[in-house]
Each structure stands twice: as C-alpha cells, then as structure tokens.
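Okay, structure first, notes after.
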Amino acid sequence: MNKLFQFSQRLVERGCQWIGTYPRKAGLIVAILIGLQLIELIFAGISLSTSNPRPPICTTVPHILATAKPRLHTQQDRPIKTLPHRKTVHLNLARKDATPKVKKIPPKKHVLKNKKIAPKHHKLIIKRGDSITKLLKARHMNKCIPLIIKNKKAAKALHHLTPGNTLLLESNKHGHLKRLLYTFSSKKQLEVSISGHKATVHWLKRAVKQHLVYQNVLIQSSLHSAANQHHIPNTIVAQLAHIFEHDINFSRDIRSQDRFALLYYVEDFNDKPAHYGPIIAAKFINRGKQYTAIRFVDHANTTHYYTPEGYSLERSFLRAPLQYTHISSGFSERRMHPILHHIRAHHGIDFAAPYGTPVQATANGRISFKGWKGGYGRMIMIRHNRRYTTVYGHMQRFTPHLKAGSYVKQGQIIGYVGSSGLATGPHLHYEFRINNVPRNPLTVKVPYQHRIAKRDWPSFHQSAHKWESYLRGVHTRIS
Ligand SMILES: [Zn+2]
C-alpha cells in the first residue's frame, strides 16, 4: 500500500512537473483535441450536405447561415434528428428565393391580358391589289368575312376597293371586328357594324367644316423649326415653298428675321382637322425683299398664284433642270479650266449630281440639236422661242425617241447626268442664252409665265384686295 501510495505520489509530482515544464506541449494536446472535435464536426457537415443536396436556386450566403445555425445546436445528436429540420430550412429558403420570381411573372401575364383587352383601331390606306377579305385575313378577323359577304349592301360597296381610300377597322377585346368604316370620298363613308351574327350597313355623310387659318411667323433659325413652333403642318410648308420657288431659294436664302404670313384652309371632320390647304394667300419677306402670292381661279377654271399686280408666280423657265447636289462651277467670264489648264470663260452653270440623275427641259420648246458636240459631250439644245435657247451638256445618255425637231414640255426628262466630253466628274453643264448671248441662269430675269386675262381682272382685283388686307398684319408689324 505504502509503495503504491509512494508510486502514485511520484506520478502526480512527475505529472505536475511535466505539466509545469512543458506548458507548450499541453497547449498542443488541447489544440489537437479541439482539432479532432472540429474534424468530427466537418464530417458531420459533409454527410449532411451530401445526403441533402442544396437547392440550386439558393443564394450561397443564406444557405451557409441556415445550415450553420442548427449544426451548432444539434452537433451531438446528428444526423437523424437534424435532417428533417434542415430540410425544412432549405425548402423554406428555396421558396423564399423563388417567391419574387413567381411575383415577376404575373405582371407579364397582366400586360398580355391588357393587350388582348384593349380594342384596336387599324387605319389603313388601300393599296393596289387589296381586297376586303385579304385585309381582314391579314388581321386575323376571318370570322366576320361571311357576315359581310352575306350582306348585299356591304358586299356590293366593298367588292372593289379604290387605292388611296381609307379603311378603319375597329376590333373588340377578343380581336373580332366590331366596326368597319370605308371612306369613299371626302363626303361619303360606308359604316358596317357587327354585333353577334349580324352585320348592319349605313351610308354616312361626312360633316366637313372648312375654316380659314391665319399665321404670322418670324423665322429665328429655320423655316421648318418656325413652322413647327406655330403648328403649321408640313404639307402647308411644302406648298409655301412651291409657290415661291422661283423667287426664293428655300435651301440657301432663308435668314433669321425673315417673316411670312399665311392664309390657308383647314377641313375639319368630326371636329378634328382632316385636311390642310390650299393656301389662299401668302406673303414672304426674305432678306428685306417682299413677295406676295394670291390664289386665283380664272374663267377657264384653272388655278394659279399671282402677284397683286396680276403676274403668275410660275415662270416660263425652271430655276434648275435637275435635282442637284451642289453647284460645282458658276457662271464667269474668266476661270481656270480644270482639264485644259488655261483661263477660259465658263458660260454656264455646272450642277453636280450623281450619274443617271434625270435632266429636265426648263421650258417648253423644240430640240434644235441632239448629239455629240466636242467638249460638251452628249448635248441637247432647246430653242424655246426666238429669244431663248438652253443647252444641256456632258450627259450620260438621252431619253429614247427624242430627236432634233422633237417638241418638249417644261419638266420633261430629256436625258441623264454623265461626264461625257471634257468633264472631270458627273455634272450637268447648263447654259441659258438670250438672242444667242450666254447669260447667268441663276440671276437672269426670267419672264413670268402669264398675266391675268383682261376679263378676269375685275374679280381678281377684288379678291387680291381682300386677301391682301388679311395679310397686312405682317406689313404693319415689320415697318
Ligand atoms: Zn460647265
């Protein structure tokens, strides 16, 4: 006993001594013990995660949090007890993650439903070859076709559709045709209403109201922006430019502080403007110079715009014989020839344009020459009367069937832009001769096309006086 006691005492002493002398080793053992516990823990985790695979949609962070928390609590009694618990956590998470995705879908469905719900209006302009069945089929409105065909009145009226006329199709929420409106003319419309299995047809008389609009506009940057500011439709701007095309170059000459006044008709259909024009009277002040146009229908029922003095604004010559990109060479008595490299007079205007651009006769006349002429290349000369002659050079080809002696009208195509003869690039060399003396086509005073006939003078004078007084607002404001 004594020996045994002594042995145990020694052992304790040794142990204490060992512990005392080797505190680092003790720490290491403790660390190993803790490490073993951790390894155990990790294995438990792996066994769990493999037995219960992660839902793929789950975001990683909530997954780790969710799995880590219950593991701390149920470390000892794993794995059976913890499994169902974790499963629910995962499933809940999966649902939580999925819910916003599910929520995202209904709005899409909602949009689709809305599209179906909204009744649609198709406004169509009839083209060549269009038929009522073709147009309805293209819009999946097949159901109503037999109903329309059965109705004799509708079938007869819609048998032939005239290109340019308008057709309005109104469908209900299911996309079925509810109402059809076919516009025959500015005064006549056909209405077909479909309810259930019946189509009813009515002829509608269009209630067209016409009223006069006055506009007085100061240009600050461009004609179009000024027109936009005053809600002047493009068709009216185009008409205005056309009326004054011989006096004002609308692409180059418009300056800020230019001003114009306009009187034009607007046709209202169902209290909405449906048609603009024509312009009744217009005044344009361009770079300090004033131009006035009055619309007048003469005894022969032809319509022109005239100056208040009774001269037509149309001229007997077009300003340019083609749609050109730019003027590559102007009229001059002395210029360095680009090919011959010596100073030579240039008695015409070079209008640059792409190959093949159509060239028009600038006035009525008879072709006096057609063919190749030295530096001019392929050339046409037109004699308009005893005084006036025009020349068109460097053409690529002529309009077939034209020959010397042929009569041509103003605007008629006589050939196409090329670079034949002495030319560095595609352009039209255009000459304007008075008594065979070349004059600058851009500055020469071109005669007015015609004057008001004597018999029309009294009525013209009256209407010119009336419309001018309307336009006078511009005059008082300017001066
Ligand atoms: Zn030239």
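Laboratory data are not the source of any read-out in this text; all were calculated from the coordinates shown. Keep in mind that what you see is a predicted model, and the values were worked out from it rather than measured. Here Cβ is always computed from backbone atoms with ideal geometry, including for glycine, and neighbour counts include all displayed protein chains.
Details
- A simple spin-label model places pseudo-atoms 7 Å from Cα toward Cβ; at His202 and Lys272 they are separated by 1.8 nm.
- Here the Karplus curve 6.51 cos²θ - 1.76 cosθ + 1.60, taken at θ = phi - 60°, turns the phi angles of region 322-330 into couplings of 7, 8, 9, 8, 6, 8, 8, 7, x Hz, with x standing for Gly and Pro.
- Taking Cβ atoms as reference points and 11 Å as the exclusive limit, the residues near Tyr265 contribute a net charge of 0, counting Lys and Arg as +1 and Asp and Glu as -1.
- Cβ-defined net charge surrounding Ile294, 15 Å radius [Lys, Arg +1; Asp, Glu -1]: -1
- Built amide H within the under 5 Å cut-off of Ser368, gap 5+: Met381, Ile382, Arg383, Gly405
- Neighbourhood charge, 15 Å Cβ-Cβ cut-off, centred on Asp253 and excluding it, Lys, Arg +1 and Asp, Glu -1: +3
- Within region 437-474, backbone nitrogen closer than 19 Å to the virtual label 7 Å beyond the Cα of Gln290 toward Cβ: 461-474
- Theoretical gain in end-to-end length, Ile327 to Ser222 [0.36 nm per residue, Cα-Cα removed]: 35.6 nm
- You can think of it this way: the chain between Asp253 and Thr133 has 38.0 nm of extra reach, that is 0.36 nm per residue less the Cα-Cα gap.
- Karplus 3J(HN,Hα) series, Hz, for region 143-159 with 6.51 cos²θ - 1.76 cosθ + 1.60 (x for Gly, Pro): 4, 7, 4, x, 5, 5, 5, 4, 7, 4, 4, 5, 4, 5, 5, 9, 4
- For region 134-186, taking the reciprocal of the average inverse distance between every pair of different Cα atoms yields a Kirkwood hydrodynamic radius of 11.8 Å.
- Straightening the chain between Val437 and Ile125 buys 107.1 nm, computed as 0.36 nm per residue apart minus the Cα-Cα spacing.
- Arg386 versus Asp298: modelled label distance in nm, points set 7 Å from Cα along the beta carbon direction: 2.3
- Förster-model FRET efficiency, 60 Å R0, His450 and Leu168, C-beta, rounded to 0.05: 0.85
- Listed peptides 344-357, 219-232 by packing density, highest first (mean Cβ within 10 Å): 344-357, 219-232
- Whole-number D in µm² s⁻¹ for region 236-389, Kirkwood Cα-pair radius fed into Stokes-Einstein, 4 °C, 1.567 mPa s: 68
- Proximity of backbone amide H atoms, modeled 1.01 Å from N, is registered between Gly310 and no other residue at under 5 Å, excluding neighbours fewer than 5 places apart on the same chain.
- The peptide list 149-159, 420-430, put in order of mean Cβ contacts within 10 Å with the highest first, becomes 420-430, 149-159.
- Using every pair of distinct Cα positions in region 210-306, the Kirkwood expression returns a hydrodynamic radius of 14.0 angstrom.
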